[in-house]
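Presented below is the structure to which this report refers.
Read-outs: derived from the displayed coordinates by stated rules, not from any lab. Given the structure is predicted, the values throughout are model-derived calculations rather than measurements. So basically every Cβ, Gly included, is an ideal-geometry build from the backbone, and we count neighbours across all protein chains shown.
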Amino acid sequence: MQVETFQYDNKTVRNFAIATIIWGVVGMTVGLWIALQLVYPTIFNLQPYFNFGRIRPLHTNAVIFAFVGNGIFMGLYYSLQRLLKARMYSDVLSKIHFWGWQLIIVAAAITLPLGFSTAKEYAELEWPIDIAITIIWVVFGFNMFATIIKRRERHLYVAVWFYIATFVTVAVLHLVNSFELPVSLFKSYSWYAGVQDALVQWWYGHNAVAFFLTTPYLGLMYYFLPKAANRPVFSYKLSIIHFWALIFLYIWAGPHHLLYTALPNWAQSLGIVFSFMLIFPSWGGMINGLLTLRGAWDKVREDIILKFMVVAVTAYGMSTFEGPMLSLKSINAVAHFTDWIIAHVHIGGLGWNGMLTFGILYWLIPRIYKTELYSKKLANTHFWLATLGILFYAIPMYWAGWQQTSMWKQFTESGQLKYQFLETVTYMAPFYAMRALGGALYLTGAIVCLVNLFKTIGKGSLLANEDAEAPALEKVYIKHKSEHWHRILERKPTPFLILSLVVILIGGLVELVPTFLVKSNIPTISSVKPYTPLELQGRDIYTREGCYTCHSQMIRPFRSETERYGEYSKAGEFVYDHPFQWGSKRTGPDLAREGSGNLKKSNVWHFNHLEEPNSISSGTVMPSYSFLIDHNLDTATTAPEIRAMQTLGVPYPVGFDIQANQALMAQATGIAADLKKDGVEVAPTKEIVALIAYLQRLGTDISKK
C-alpha cells in the first residue's frame, strides 16, 4: 500500500477563525445597539444612517453571514481536509473565497446603513452584492467538491454529508429568492409580488436558518464534539436517518411563518405538517450529539470546551422543539408578531450557533498555533457570561411575548378592546432593558474570548502547512456482503450531491409551482389599482428605512385584529407589491389599513408623527424621520421605476413613464397644500410628502365593513 505525504492548509483556517471572532464582536455590538434603541430611542437612533430600521438588517446580516458564516468556513476547512486526508484542492480558490466573503460583508456594512435594501428579511443585500455572493459561493463549492473528488479516504463521514447538502441547498435558495429586476446600481424590485413573494421569501428565510445556521453546524458538531470528547459518534444509523429526514422535511416548513395570512390554506397546512415532523430528525441529531458524551460526563464538568458544546447542543434541542410547536396554528396565533419569536431565534443563534462556535475556536486555535490556551479561567468566565447572557436575554423576551399577545387580544366586558397598541409598547420597557442587559453580558463574553484567543495566538506560532500522510485511494474497491447499503452511497460523492439536490427540491417544487401557476390561489380584486408614481416613491422610502422591521401589513382573521385594524387581508390586495410588506414583528401597529376607515389620520398628523414621534405618541420607541423634510425626492428615478413595474406586469398605461412625474407633482402639490392649511410649510418635492402619500394609500383599495 502506497503512503503519500502532503500538508494541510491551516492558514485559511486561521484567517476564517480570526474573521469569525472579530465579526462576532462587531455583529453583537450592533445587536446591543439596536436593543438599546428600544430602551432609549432618542439617544441611540442617529438619523438617518443609524436609525433602527436601517441597522437592524445590519445586525442580522453581520451575525448570520459574518460571524456564523466565517465560523462555518473555519470549521469546514479544518475538518474537511482531515476527513478526506487531502489538502484543499486550490490554495488560490481558498484565498479568493476568504477575501471575497470579507468584501461582501464590508459591502453589506456600508450599503445597509445607506438605505440600499431589498426589504426582504435575511436577504436585504442589493443585486450587485447578490451576484458577488453567487460567485463566491460557487468558488467555495467547487473548491470543496474538487477536494472531495481527490480525497484519500474512500467513505464520506457524516459531517461531509451535511457540508454537501449545505452547498447545494443554499445555492438553490439564494438563486430563487434573489430573482429581482434591477432599476439602478443599488435599486431593484423583487420579480415576485404579494403572496408569491411572501411564500418565496419565507421558503428562503426558514431554510436559510435550516441550511446555513443548522446543517453546516450539525456537520461541525459531528466532527468537533467527538474530537473534543475523544469518543466515537453514538450511532451511525441514527446519523443516516437524521441527515436524510432532516434535509427532506426542512425544505417544506417555510409556510409556517405565514399562518393565518393571505397565503392559500393548502400551503399553510403543508408547512404545519412538515414543520411538526421536523422535531423527530432534529432531536435525532441532538440525541446523537449528547449520547456521544455517554460515559464522559466527568470530563464535561472539567473541560471548558465541552461545556460550550453541551450548552450548544442543548440549545439546538430546545429551539428545534419550540419551532415545531410554534408551527401549530393554536400556538402561532399567540406567538406570531410578538417578542416570543425574538426569544426563540436567539436561543438558536446565541445558544446553538454562538456556543458551538466558541467551543470550536477554543479547541482549534491552540492546535494550529501549537500552544496551550492562554487562560482557561478567562474561557470559563466567558462561558458563564454567555450562559447568563442567554438567560437574561431569552426569559424577558418570552415573558414580553406573552404580555404583548394577551394585551393585544383582551376585551372589556362591554366588548371593546381593552388596550391601545401604544400601551403595549410602553409596557415592554423593562423587558427590553433586561434584554439589553443579557446582550451586554453575552457581548462581554465574546470580547473576553477575543482577548483570550489573541493572547493565545501571540504566544504560539502558526503551523501554516501541517505535515500529514495517508495511503493513496485504491481504484478498485471490493464490496463486502455485510456492508451497509448507505456505505455504497458514501463513496460516490457525485451521486450523493445529486440525490441531496433532488431531495431538497421536492418540497420546494410542490409548494412554489402551484402558487405561481394556479390562478385560483390568488383571486383578483377589481378595486385594487397600481400605486401612483408618488405613492411608489413613498413605498421605496418606506422599504429603504426598514419600516417593515417594526410594522406588519397583514391583518389576520382574528376578532382582536379586525376590531383594531379593520377588514382582514386578502390575497388579491398585494398583486402589485414588489416586494411584499407583510412583516414578521409588531413593535408598532399593523399598517395594512392605515389610510382608510377609523385608522385614517390627517396629513399633518403623519407629518408631525414622522418629524417627532414622541410628541404625538408619548412613550413610542419609533425613531424620528425629520430628515425626510429636508431630503429632496429623486424624481429622476420615477420613469425607470415605472418601466420596471411594467416589466413585472403592473398595468400602467403605455407611455405612462413619460408622464409619471407630472402626475407625481400634481399629487404632491395637493398634499403640500393640505399641510399648509394646518400651518406646515413644506415643498412638494420633499421625501416626507411621498411617504405620507404611501401611508395614506394603504387599505384604500378594500372596502370597509
For helix 158-177, what angle does its Cα long axis make with the longest principal axis of the chain, in degrees from 0 to 90 and rounded to 10? 20 degrees
Of Lys120/Lys585; Lys529/Lys676; Lys376/Lys459; Lys409/Lys601; Lys85/Lys150, those spanning more than 19 Å from alpha-carbon to alpha-carbon: Lys529/Lys676; Lys409/Lys601
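Return Glu121, Glu372 ranked ascending by Cβ neighbour count within 10 Å, so the fewest neighbours appear first.
Values: Glu121 21, Glu372 11.
Final ranking by Cβ density, sparse to dense: Glu372, Glu121.
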Does region 533-697 come out rounded, prolate or oblate by the C-alpha gyration tensor, with a ≥ b ≥ c the root eigenvalues, rounded set by a/c under 1.5 and, if not, prolate when a/b is larger than b/c and oblate if not? oblate
Using Cα pairs closer than 8 Å and at least 6 residues apart in sequence, work out the relative contact order for region 1-158, in percent. 29 percent
Formal net charge of residues neighbouring Phe52 (Cβ-Cβ distance under 12 Å; K, R +1; D, E -1): +2
Cα lying deepest toward the dipole's positive end in the chain, options Leu258, Asn143, Ala400, charges on Cβ: Asn143
Shape of region 375-532 from its Cα gyration tensor (a ≥ b ≥ c, root eigenvalues): rounded if a/c is under 1.5, otherwise prolate when a/b > b/c, or oblate? oblate
Protection proxy ranking of 203-215, 126-138, 395-407 - average other beta-carbon atoms within 10 Å, highest first: 203-215, 395-407, 126-138
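Let me have the relative contact order for region 533-697, percent, based on Cα pairs under 8 Å that are six or more residues apart. Write out the running numbers ahead of the final one.
Working: 213 pairs, mean separation 53.3, N = 165.
Rounded, it is 32 percent for region 533-697.
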Dipole size in debye (nearest 20) for region 445-538 around its Cα centre, Lys and Arg Cβ +1, Asp and Glu Cβ -1? 200 debye
Expressed as a whole-number percentage, the relative contact order of the chain with C-alpha contacts under 8 angstrom and at least six residues apart is 18 percent
Placing +1 on the Cβ of each Lys and Arg and -1 on the Cβ of each Asp and Glu in region 262-362, which of Ile331, Phe274, Leu356 has its Cα farthest towards the positive end of the resulting dipole? Phe274
Return the sequence-ordered ³J(HN,Hα) values of region 510-519 in whole Hz as given by the Karplus equation 6.51 cos²θ - 1.76 cosθ + 1.60 applied to θ = phi - 60°, using x for Gly and Pro. 5, 7, 7, 4, x, 5, 8, 9, 9, 5
Set of aspartates and glutamates with alpha-carbon distance to Lys237 below 14 Å, sequence-local pairs under 8 removed: Glu483, Glu490
In degrees from 0 to 90, rounded to the nearest 10, what is the angle of the helix 355-368 Cα long axis to the longest principal axis of the chain? 40 degrees
Acute angle (nearest 10 degrees) that the helix 91-111 long axis makes with the longest principal axis of the chain, alpha-carbon atoms: 20 degrees
Excluding residues fewer than 8 positions from Lys570 in its own chain, the aspartates and glutamates with Cα under 18 Å of it are Asp197, Glu561, Asp590, Glu594, Asp701
Going by how many other beta carbons lie within 10 Å of each one, how would you line up Met88, Met221, fewest first? Met88, Met221
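Of all the Cα-Cα pairs you can form in the chain, what percent are over 40 Å apart? List each step's numbers first, then the result.
Details: 80762 of 248160 pairs.
Within the chain, distances greater than 40 Å cover 33 percent of Cα pairs.
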